[in-house]
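Asks: Attaching a single structure in structure tokens format; questions to follow.
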Amino acid sequence: MDFRDPDTTPGALVTGANRGTGLAIARELHRRGYRVAALNRTPLGADWLHEIRCDLTVPGSVDTAVDACVASAVVRRLGPVTALDPHAWDESVAVNLTSVFRLVRATLPAIRASAGSYVVMGSHAGTRFFEGGAAYSATKAALKALVETLLLEERAHGVRATLVNAGAIANRHGDDVPYKMATASVAHWVGALVQDQPRDLAVGEVEIRPARLPAPQVAGLARLQHV
């Protein structure tokens, strides 16, 4: 989230910046000269990062954090519908969708005033559904609708919003699978979206994928039999 002020250093607010992709994005924006604040449930303790403790599953925590500060956080709970714990569903909706809505609502006056932008991390799961992915896919599909609606409503106020639909990311420490994108690579792209977009251009949605793929288990026309 880009809080630009012509008289100060530009600022960005990143959710879930204590590890993985969120941390890589925060580092990239800091490298680009941004003042970076983060909403983290577990603080990282980095001196360059202004951290605000926040549990995105608790609405009151989100509101308090944003008031103190004046989204990349995600949970992925997998399981078939018949076995999915309702708590896992509620947590997925709270973190992956509701927290983004509340953060946008809370920060929108500042974003309007600075003609800033939102970059929201989506997923291929929002359009490519899979067994066991009901909670994750449903929230990511809804996130696409939220970001597109935000862009339609707020461009008149100079606000832009971009949904980044990402493929497989090597989020966990030690994950060196060659068929996933490095967090630093994803962060580099997000940094460019935040800082380098021309003012007369809005990128509504972008898809990023790993450059390499393993051999598919099903290929060619046979794919149609596995939809």
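Asks: Has segment 5-18 got any residue that is of a type outside the set (Asp, Glu), touching a Lys or Arg at 6+ places or on another chain (Cβ under 9 Å), on the phi > 0 side of the Ramachandran plot and modelled with pLDDT under 90?
Replies: Checked against the condition, which is being of a type outside the set (Asp, Glu), touching a Lys or Arg at 6+ places or on another chain (Cβ under 9 Å), on the phi > 0 side of the Ramachandran plot and modelled with pLDDT under 90, segment 5-18 yields at least one hit.
Asks: Hey, which of the helices (runs of 4 or more DSSP H) in segment 72-185, taking only ones fully inside, have at least 1 residues that are touching a Ser or Thr at 6+ places or on another chain (Cβ under 6 Å), modelled with pLDDT of 90 or more and more than 23 Å from PRO214 (Cα to Cα)?
Replies: 86-93, 134-154
Asks: What pairs come out if I take residues in segment 104-118 that are surrounded by 17 or more Cβ atoms within 10 Å (Cβ to Cβ) and pair them with residues that are modelled with pLDDT of 90 or more and of a type in the set (Phe, Trp, Tyr) whose C-beta lies under 8 Å away, six or more apart or interchain?
Replies: Going by the 8 Å Cβ cut-off, the qualifying pairs are VAL104/TYR118; ILE111/TYR118.
Asks: Can you work out which of the residues in segment 129-151 that are in contact with a helix residue (DSSP H, G or I) (Cβ under 8 Å, 6 or more places away or on another chain) and among the charged types (D, E, K, R) is surrounded by the fewest Cβ atoms within 10 Å (Cβ to Cβ)?
Replies: Only one residue tops the list, namely LYS144.
Asks: Further, regarding this structure: Of the conditions (1) part of a strand (DSSP E or B); (2) β-branched (Val, Ile, Thr); (3) modelled with pLDDT under 90, THR57 fails just one. Which one is it?
Replies: Unmet condition: (1).
Asks: How many residues does segment 19-54 contain that are modelled with pLDDT of 90 or more, under 16 Å from the mean Cα position of the chain (by Cα) and either of a type outside the set (Lys, Arg) or more than 21 Å from ALA184 (Cβ to Cβ) (or both)?
Replies: Residues flagged as modelled with pLDDT of 90 or more, under 16 Å from the mean Cα position of the chain (by Cα) and either of a type outside the set (Lys, Arg) or more than 21 Å from ALA184 (Cβ to Cβ) (or both) within segment 19-54 amount to 12.
Residues are listed down the side, and each one gets a yes or a no for (1) under 21 Å from the mean Cα position of the chain (by Cα); (2) surrounded by 10 or more Cβ atoms within 10 Å (Cβ to Cβ):
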| residue | (1), (2) |
| --- | --- |
| ALA161 | yes, yes |
| ASN171 | yes, yes |
| GLY174 | no, no |
| MET181 | yes, yes |
| GLN195 | yes, yes |
| LEU201 | yes, no |
| ALA222 | no, yes |
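The values are calculated or read from the model by the stated rules, or taken from the named source; none is laboratory data. Just so it is clear, the structure is predicted and the values come from calculations on it, not from any experiment. Backbone-built Cβ (ideal geometry, glycine too); neighbour counts: all protein chains shown.
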